[in-house]
């Protein structure tokens with residue numbers, strides 16, 4: 001889940017009777033699973049919520065390059081270096097299509113990026129955690145991309161057409177990343193030395209709880225979810241998605257021969273799901289509010305890249321203008 | 001020098017130059033001046049690593065001492081590396097990154113174009129694929145040199161400074177040594193005189209379009225990479241790149 005706590009700007013849901021004819025027509029389309037396209041009428045709050053959600057998602061892809069970028073110069077084999085670079089490149093590509101989907105709503109990529117750099121826009125809390133050993137490159141792929149997929153598979157059916165189509169493409173690549181990440185861990189656990197196996201367990205210990213936090217607060221603490229569900233921007237609740245993720249991940253964890261740092265985790269015959277311990281929500285809100293281990297560094301790095309690249313982008317614009325002018329004179 | 005030894009040396013130059021340049025580019029991941037550049041720069045790095053792996057594999061087979069491409073990359077020290085000094089120079093600003101890329105790409109393109117016709121079939125095959133990639137790399141870096149040179153006042157100043165800064169490393173690209181001569185004689189490597197003419201021809205042409213000046217051909221040149229005498233930078237590059245295999249020598253898989 002790359003978008004957490006997206007504000008919908010609504011206090012309560014309107015009934016069909018309270019809606020204007022346009023709103024009612026819109027809501028009926030959504031209810032009938034007809035995709036909303038850029039040229040269709042949509043409530044202002046729907047448009048703003050989508051811009052917030054898609055931009056958060058795009059920012060997450062871009063900031064998400066950094067924890068993996070931290071190991072790209074130290075990847076231990078040629079194969080792993082190629083894989084890691086290609087994965088990070090895919091994330092830059094996802095950022096590009098998401099910003100494009102967002103621009104169909106009348107928002108501007110540069111403006112939204114500026115909000116990120118000013119600390120006014122969010123991105124997924126998970127990317128504010130450091131990557132401390134090589135096995136993190138496996139664990140990020142397996143857990144973080146894994147958690148993202150659980151959410152994004154559902155978002156392929158989201159009501160806004162351009163977002164839904166971007167999700168279809170992104171999901172294919174994310175599934176590939178997740179398998180690749182798991183394979184890194186599996187190879188280390190099967191054929192690695194004790195030191196390498198210890199890296200894997202250490203990576204899982206650090207990333208397990210933050211991965212569960214990716215799904216956002218409990219449903220009763222998530223005031224905006226209800227409106228997003230009615231608009232079908234969101235299709236399943238935070239707690240439902242978190243449970244799906246845990247249920248599918250624990251068998252994979254056991255296959256690795258690793259554990260998660262949760263003494264309360266156990267299979268519940270009755271519910272057919274895993275029970276799990278309490279999430280440290282204080283930590284979640286701290287990270288969301290800028291007080292995670294790497295919040296400062298992540299934004300500083302992105303801001304520096306864009307600020308120091310300003311002259312490069314300006315040169316490209318100036319050159320293109322000169323070329324156009326010359327072509328016009330020659331004609 | 002036997003021809004086999006010359007061939008190994010020559011393969012290591014190609015392999016190590018691509019690898020070290022890709023390593024420099026990988027430092028920029030997540031830090032490029034625009035998202036589109038993030039994609040383009042990573043493409044170049046991925047191509048170069050792929051090519052380097054092909055050259056290293058061939059070199060490893062000829063050496064036949066139990067090492068493979070990974071061992072050559074991750075377990076040799078600086079004096080055993082044969083890359084051009086140009087590619088180990090730091091990224092600095094994007095003008096230096098792009099000038100370094102452009103000077104290298106011109107050399108790489110003409111070298112590969114000639115290697116396509118090498119009498120050694122393995123080399124000809126690797127070069128045939130690589131030259132297509134290098135053609136794109138050269139088009140991209142030439143375009144950027146022109147955009148920067150003929151862009152804004154600031155971009156012009158920066159790229160001209162970058163040309164001036166890196167000029168002293170260009171001599172090594174076009175000054176042949178015994179290995180280069182041996183490879184030419186064996187019908188493998190390019191004609192050193194032709195390579196030099198082609199390199200200067202293209203660099204001057206692009207520089208003129210970019211409103212930039214280049215240094216003199218007979219300027220003092222810093223050389224040594226091809227014989228394993230590097231700048232101080234390479235040791236730091238390797239310390240970072242080789243950290244895991246060196247720190248965990250018992251590991252047989254990653």
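Every number in this text was worked out from the coordinates using simple rules, so none of it is lab data. For clarity, every value in this text was computed on a predicted model and none was experimentally measured. No Cβ is skipped: glycine too gets one built from the backbone with ideal geometry, and neighbour counts run over all protein chains shown.
See the values below:
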| item | result |
| --- | --- |
| Packing-based ranking, highest mean first, of B:28-41, B:180-193, A:52-65, B:129-142 given that Cβ atoms within 10 Å are counted | A:52-65, B:28-41, B:129-142, B:180-193 |
| Stretch gain in nm, segment residue A:324-residue A:15, where the contour uses 0.36 nm per residue and the Cα spacing is subtracted | 105.8 nm |
| Residues residue B:252 and residue A:118, FRET efficiency given R0 of 45 Å [Cβ-Cβ distance, rounded to 0.05] | 0.40 |
| Stokes-Einstein diffusion coefficient of the stretch B:153-242, Kirkwood radius over Cα pairs, 20 °C, 1.002 mPa s, in µm²/s | 141 |
| Per-selection metrics, the stretch B:106-149 (Cα): Rg and Dmax in Å | 12.3, 40 |
| Paramagnetic reach from residue A:314 in the stretch B:27-71 [backbone N under 20 Å; point 7 Å along Cα→Cβ] | B:32-37 |
| Descending Cα extents along the principal axes, the stretch A:58-186, whole Å | 44, 32, 22 |
| Convex hull of Cα atoms in the stretch A:1-107, direction-averaged projection (nm²) | 8.5 |
| Cα-only Debye scattering, chain B: base-10 log of I(q)/I(0) at q = 0.07, 0.08, 0.17 Å⁻¹ | -0.22, -0.30, -1.39 |
| Diffusion coefficient, µm² s⁻¹, Stokes-Einstein with Kirkwood Rh over alpha-carbon pairs of the protein assembly as shown at 4 °C and 1.567 mPa s | 49 |
| Solvent-free Debye scattering, log10 I(q)/I(0), computed from the Cα coordinates of chain A at q = 0.07 Å⁻¹ | -0.32 |
| At 0.890 mPa s and 25 °C, Stokes D of the stretch A:139-272 from Kirkwood alpha-carbon radius, µm² per second | 152 |
| Label-to-label distance, nm, for residues given as residue A:271 and residue A:40 (7 Å Cα→Cβ offset) | 3.5 |
| Spacing of the two label points (7 Å from each Cα toward its C-beta) at residue A:291 and residue B:231, in nm | 4.5 |
| Reference-scaled alpha-carbon Rg (2.2 N^0.38 Å with N residues) for the stretch A:191-331 | 1.66 |
| Estimated FRET transfer efficiency (residue B:204, residue B:5; beta-carbon r; R0 35 Å; 0.05) | 0.50 |
| Distribution of pairwise C-alpha distances over the stretch B:105-254, 5 Å bins, in % | 2, 8, 13, 15, 16, 16, 14, 9, 4, 2, 0 |
| Point-to-point label distance, residue A:108-residue B:143, nm (Cα→Cβ direction, 7 Å offset) | 2.5 |
| Degrees, to the nearest 10: B:121-149 long Cα axis against longest axis of chain B | 20 |
| Computed lengthening from residue A:23 to residue A:259, 0.36 nm per intervening residue step minus Cα-Cα distance | 80.0 nm |
| Average beta-carbon neighbours from other chains, 10 Å sphere, peptide A:95-105 | 1 |
| Peptide-level mean, for A:127-137, of C-beta atoms on other protein chains within 10 Å | 1 |
